[in-house]
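**Student:** Structure in structure tokens, see below.
The values are calculated or read from the model by the stated rules, or taken from the named source; none is laboratory data. As the structure is a prediction and not an experimental result, all values here were calculated from the model. We place every Cβ from the backbone using ideal geometry, glycine too, and count neighbours over all the protein chains shown. Note: accessible area is taken over every heavy atom of the protein model, side chains too, but ligands, DNA and RNA are not part of it. Shrake-Rupley method; radii C 1.70, N 1.55, O 1.52, S 1.80 Å.
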Amino acid sequence: EVRARCAQGACLVRCRRRLYDLSGFVRLHPGGEQLLRRRAGTDVSAALDGPPHRHSANARRWLEQYYVGEMEPGEEQVPPAAPGWFSFSFQSHSEPVDKKAVDAAAQTPTQMDPRCKTVDVEKDLVDWQKPLLWQVGYLGEKYDEWVHQPVDRPIRLFHSDILERLSKTAWYVVFVVWAPVVLYLSWVSYTSLAQGNTRLFSSFTTEYSIPVHKYYFPFIFLLGMFLWSLLEYLIHRFVFHMKPPASNYYLITLHFLLHGQHHKSPFDSSRLVFPPVPASLVIGFFYGILRLLLPEVLGLSVFVGGLCGYVIYDMMHYYLHYGSPKKGTYLYGLKAYHVKHHFEHQKSGFGISTRFWDHPFRTLIPEETFEKED
């Protein structure tokens, strides 16, 4: 039956005698879709421990969400169809199952890795049938551990349907809204610089001020993108990953709204990019700072480069969660790096569009090493 389902395109794997249906997860797997497809119908117990990758406790807990039944040896042994295939029958949730027997089997080391803990949404610390935003503040000391145990289910934040819709954004909306702004402001910046009236340090001295020609615009634009990459790192590390005091209901709620909900449900496609309305407020704030620090046209040129960097960041962030990059490419390594940040290394790996700033700030996720066994 497992062979037949896999032949139809399903991706079922087993961990000892527990059967899992990963059909809905294959494209999201950081190791690539083909890696899971090749292991369809086989026992992945050894693969969970690596090499090349040792799966974290969160990854093992994540796997339990796709549990479909308990394997039982077939009464008649049939020759396997291909290497790695096994002949067995299984009890699925659609058939009558002795729940006590399954629960007891789940606690047996031979049936389930003791590092795994079954996800039971009915007994979770929050009520998933109600908006979560107003519940998480009551978790107190349990919030930090709870929010960093990811689940594969959508999150509702608000009671109001209008606010709920505004909190969700399709990935292409960011490009549709901000790409025309980048193009228009780039044209304004270039044509303004072409007039030859922009000079650096002119507010302090006219004798030693430096003229800024239109040919400098590409370099100023790239400087803005570079500064955005630093800002991306700093916001992600010190704002999104602040640890709110366990006694402060409001800071916990704010953290969950800003970033905690993304770590709790990392594959919720409607919450992977920043909604344009709150984004415009943050973008306007940074534009105001640049206007204070730099001449108007020069500040605008740096700003538009940073805005372009933001658009690229949001597109890349969505792709790192929902894309399936080719093995060996830059994005393939970046996807694996970012997934490690979500599932195991929440206190490091803060670079998203680049790992560059993780090096000087010493927050680089360490490479895994495997000692040879005797």
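**Student:** Filter the range 314-325 down to the residues that are in a helix (DSSP H, G or I) and open to solvent by less than 30 Å² (accessible area, probe 1.4 Å) and list them by number.
**Tutor:** Hits for the range 314-325 are Asp314, His317, Leu320, His321.
**Student:** Something else now. Could you tell me which of the residues Val302, Val273, Val297, Val277 is closer than 30 Å to Glu344 by Cα and either in the same structural domain as His321 (by the TED database) or aliphatic (A, V, I, L, M) (or both)?
**Tutor:** After ruling out the rest, the residue left standing is Val273.
Matching residues to (1) at pLDDT 95 or above; (2) under 21 Å from Gln149 (Cβ atoms):
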| site | (1), (2) |
| --- | --- |
| Ser189 | no, no |
| Ser202 | no, no |
| Phe221 | yes, no |
| Ser269 | no, yes |
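**Student:** Exactly one of (1) in a helix (DSSP H, G or I); (2) surrounded by 19 or more Cβ atoms within 10 Å (Cβ to Cβ) is unmet by Gly349. Its number?
**Tutor:** If we test Gly349 against (1) in a helix (DSSP H, G or I); (2) surrounded by 19 or more Cβ atoms within 10 Å (Cβ to Cβ), just (1) comes out false.
**Student:** Pick out, from the range 201-298, the helices (runs of 4 or more DSSP H) lying fully within it that include 3 or more residues that are without any contact (Cβ under 8 Å) to a residue 12 or more places away in the chain, open to solvent by 30 Å² or more (accessible area, probe 1.4 Å) and not basic (Lys, Arg).
**Tutor:** Here the list reads 217-235, 276-293.
**Student:** Filter the range 353-368 for residues that are open to solvent by 30 Å² or more (accessible area, probe 1.4 Å) and polar (S, T, N, Q) and give the result.
**Tutor:** We begin by selecting, within the range 353-368, every residue open to solvent by 30 Å² or more (accessible area, probe 1.4 Å); these are 354-357, 359-362, 364, 366-368.
Thr354, the sole residue that qualifies.
**Student:** Could I ask something else about it? Could you list, in sequence order, the residues of the range 6-42 that are in a helix (DSSP H, G or I) and open to solvent by less than 10 Å² (accessible area, probe 1.4 Å)?
**Tutor:** Once the filter is applied, which keeps residues that are in a helix (DSSP H, G or I) and open to solvent by less than 10 Å² (accessible area, probe 1.4 Å), the range 6-42 yields only Val26.
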